[in-house]
Structure formats: structure tokens, C-alpha cells
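Chemist: I am attaching a structure below and will ask some questions about it afterwards.
The values are calculated or read from the model by the stated rules, or taken from the named source; none is laboratory data. Note that this is a predicted model, so its numbers are computed, not measured. Cβ sites come from the backbone with ideal geometry, for glycine too, and all protein chains shown count toward neighbours. For the accessible areas, the whole protein counts, side chains as well, though only heavy atoms, and no ligand, DNA or RNA atoms are used. Shrake-Rupley method; radii C 1.70, N 1.55, O 1.52, S 1.80 Å.
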Amino acid sequence: MALRFEHRVTEIDVSIVDRVWRTSSGADDTMTSAARTCSHLILSRTQGCLLASLRGPETKATSAPVPPYTEFLGIRFTLGTVLRPHPAASIIDGSVPFPVTDSGRVVIGGEDWEAPTYENVECFIRRLLDAGLLVRSRLGDEEDVAGHPEAGPTPRTLQRRYRAITGLSQTAVTQIDRANAAATMLRDGHDWRAVVEALGYFDQAHLAHALRRYVGRTARELREGGDHAAMSFLYKTHPGPGS
């Protein structure tokens, strides 16, 4: 049975946190996780045991086991948001676990914090912001020195900064976001021709390749539903034409 997600936006600045989500599992299962550009702080509870980790961006679709009878809470940060001392570039296609105390508090940055709930996650995020552990990095697209962009960093310097912060190139971000946008359109019933035209793919083969690589599903599977249909809303997309 596919996981069913509940999600909401937060009262926190949308440049820091995109949204919060939660779900729960039944029996043992596996799921397909689409590629993503942002980091997630994920907390899970199984029979009262709390685990916490920061999952980094993923550059391709992967299959992952889902532990049985587990409750999950996720906080999805925006592109460029850094949870110190673990920038996204250091955990590409991976994750870092956080210690949990005997009293169920999560240790981040050498301090222990009360584990958030779906309802009070704003309090948790504000505390991390106040402690300087959660920061928004400048990716370079807003660079303008005294109104004269030509006086700022070179494009190559900005590209290196972008990759150092996000772990991804701007091209990779565009490709991942666009593939997830395509998956959402197909899930919503759009024909592949409409997706190709709307998102700038060359043809059906180009779209199919992107879906296999970044989403792990075919166009038919997405239209028919399945586990990715439940997951697809987790990926905010700002697609544009390109390869």
C-alpha cells in the first residue's frame, strides 16, 4: 500500500523552509524516492524509539525500504538553506544521523533540542535559527554590487559557490526539478505530448529518459498511480526549458 502524506506550509520564512510533511507505514514495504534538490530533516518513531537524520539532495531515483509501523515527520528546507554543520554538498546521495538522548531530545550542533511535532515545528525551526544553526546561503543569483553586476564575482566563481552550497550544478537542479514537474503533470492526467511541450523536452524519448533517471517511473506508471504519486508533492518544482 502506498504511503499517504499530509503536508502543510509553515509560518517560517518560505526562503528557509518549504513545507512540513508526515506519514506512517503499515507492514514492511519498499518505495521509490525521486531525485530531489533540497535537504530534509526527517524524524521517525517506531514503538517509541526516535531516530533523526538529515537527508541530502539525491541525484537519481532510488528504491528504499520502509520500516513497518513507523511514523515519519519531515521538514523540507529550501535550496540554499544550510543546517550547520552539514551543508547539502557534504551529504549528496546520503544522510547524516543525529544522536537522540534518553529523554528523546535531538542533538544538533552539540546542543540537544526538544523533538518537534507536526503541529509545533515552527518553534523548533525558530530555535535553530536563533542559535545560528539554520542559515540561508546566498547562491549568487541575487549578487549585485552597488547596482553594478559587472563588478561582482565572475560567472565561474558563482557556479563554484552554487555547487559548494547545494552540491549540485544549476543544470542538475533544473533537470531534477523539471523531471518532478513532469511526473506531477502525468500523475494529474496530462498526456506525454502536453508535458513535452510545456516543459521543453525534445520528444517522448527525452522525457522517458528523464523519468527513468530522476523519478524511477514510466509515464504510464505515473498516470496509473503508485507510490511515487504519493511522494510527488514533496518536490517543489521551478522547471524551465533545457536539456
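Chemist: Filter segment 1-26 down to the residues that are open to solvent by 80 Å² or more (accessible area, probe 1.4 Å) and of a type in the set (A, V, I, L, M) and list them by number.
Modeler: Correct list: Met1, Val9, Val14.
Chemist: Here's a follow-up. Would you say Leu73 is among the aliphatic types (A, V, I, L, M) and open to solvent by 10 Å² or more (accessible area, probe 1.4 Å)?
Modeler: In short, yes.
Chemist: Shifting gears a bit: Go through the residues of segment 134-152 one by one and say whether even a single one is modelled with pLDDT of 95 or more and either assigned to a loop (DSSP other than H, G, I, E, B) or loosely packed, with under 14 Cβ neighbours inside 10 Å (or both).
Modeler: Looking for residues that are modelled with pLDDT of 95 or more and either assigned to a loop (DSSP other than H, G, I, E, B) or loosely packed, with under 14 Cβ neighbours inside 10 Å (or both), one finds none in segment 134-152, hence no.
Chemist: Tell me the residue from Thr62, Thr101 that is more than 30 Å from Thr174 (Cα to Cα) and open to solvent by less than 60 Å² (accessible area, probe 1.4 Å), please.
Modeler: That would be Thr101, the only listed residue that is more than 30 Å from Thr174 (Cα to Cα) and open to solvent by less than 60 Å² (accessible area, probe 1.4 Å).
Chemist: Residue under question is Thr78, and the condition is that it be among the polar types (S, T, N, Q) and within 11 Å of the chain's Cα centre (by Cα); does it hold?
Modeler: Criteria met by Thr78.
Chemist: Still on this structure, I have one more. Tell me which residues, restricted to segment 1-38, are over 24 Å from Leu222 (Cα atoms) and among the polar types (S, T, N, Q).
Modeler: Across segment 1-38, the qualifying residues are Thr10, Ser15.
Chemist: Out of all the residues in segment 203-224, which are in a loop (DSSP other than H, G, I, E, B) and either in contact (Cβ under 8 Å) with a residue 24 or more places away in the chain or aliphatic (A, V, I, L, M) (or both)?
Modeler: Gly216, Arg217
Chemist: Related question: Would you list the strands (runs of 3 or more DSSP E) that sit entirely within segment 11-50 and hold 3 or more residues that are within 21 Å of Tyr162 (Cα to Cα) and modelled with pLDDT under 85?
Modeler: Result: empty, no element qualifies.
Chemist: Further, regarding this structure: Scan segment 180-202 for residues that are over 21 Å from the mean Cα position of the chain (by Cα), of a type outside the set (Ser, Thr, Tyr) and in a loop (DSSP other than H, G, I, E, B) and jot them down.
Modeler: Scanning segment 180-202 gives Gly189, His190, Asp191, Gly200, Phe202.
Chemist: Is it fair to say Ser103 is small (Gly, Ala, Ser), more than 17 Å from Ser44 (Cβ to Cβ) and over 21 Å from the mean Cα position of the chain (by Cα)?
Modeler: It is true that Ser103 is small (Gly, Ala, Ser), more than 17 Å from Ser44 (Cβ to Cβ) and over 21 Å from the mean Cα position of the chain (by Cα).
Chemist: What number goes with the only condition from (1) under 25 Å from Ile176 (Cα atoms); (2) at pLDDT below 95; (3) open to solvent by 50 Å² or more (accessible area, probe 1.4 Å) that Gly110 does not pass?
Modeler: Result: Gly110 fails condition (1) only.
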